[in-house]
Amino acid sequence: MDCNLLHWRIKDALRGLDEFLVKAPHICIQMGQLYLIMKRFEQAEHFFSMAVHDRPNFPGYRVNYANFLFIVGNYQKAIDQFKSALQKDPNNLLALEGLGGTYWKLGKHKKAIANFEKLIKLNPSLSTNTLFTIPKHDSRPIIPKAAISNVVSLSCKVCGCLLYTSPSPRD
């Protein structure tokens, strides 16, 4: 088979795949996650952004894209995506958690804590078993005990290290 013909067939197949994926954003999210695991960030971003482009009003796709942006260190774009998800669904727990974690990573602790408190207010069961997503373990300060009155523990979801703990409530 001629090399040019083979290249043409491959390009044609890829165009067909892109046309199919635009109609199936959930598959784009899965492809983005696979490429992220393989550390092929350019391809991962392509698929995450394709899903968001196809379904801009679906907050779940924006949260997935924002989590990707956080992982690759594009914090401002992650904040923008988390905020867009919250505009569509103000009570989206994953968006609140991600936005809080991103603010925390940037050292904007007051904004982070405000998001964590709203998260706990929406889902009080988190106050007894709280695991927030703060993906990259680094040397950030521990949240002061007085900062979040009803949080029992705050741990890094990735490595499990304890970031904050308050005394257990007595009966």
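The values are calculated or read from the model by the stated rules, or taken from the named source; none is laboratory data. Predicted, not measured: the structure shown is a model, and the values here were computed from it. With ideal geometry, Cβ positions are generated from the backbone for all residues, glycine too; neighbour counts draw on all protein chains shown. Surface accessibility is based on the protein's heavy atoms, side chains included, excluding ligands, DNA and RNA. Shrake-Rupley method; radii C 1.70, N 1.55, O 1.52, S 1.80 Å.
Annotations for the structure displayed:
- Residue 22, sole failed condition from (1) modelled with pLDDT under 85; (2) open to solvent by 90 Å² or more (accessible area, probe 1.4 Å): (2)
- Just so you know, in the stretch 25-42 the residues that are at pLDDT below 90 and open to solvent by 60 Å² or more (accessible area, probe 1.4 Å) include one that is nearest to residue 89 (Cα to Cα), and it is 26.
- Scanning the stretch 43-70 for residues that are polar (S, T, N, Q) and either in contact (Cβ under 8 Å) with a residue 60 or more places away in the chain or surrounded by fewer than 16 Cβ atoms within 10 Å (Cβ to Cβ) (or both) yields 43, 57, 67.
- Looking only at the stretch 71-125, residues that are assigned to a helix (DSSP H, G or I) and open to solvent by less than 40 Å² (accessible area, probe 1.4 Å) come to 23 in all.
- Residue within the stretch 39-57 that is farther than 22 Å from residue 114 by Cα, assigned to a helix (DSSP H, G or I), hydroxyl-bearing (Ser, Thr, Tyr) and touching a Pro at 6+ places or on another chain (Cβ under 7 Å) present: no
- Qualifying residue in the stretch 70-87 (condition: modelled with pLDDT under 90 and of a type in the set (Gly, Ala, Ser)): no
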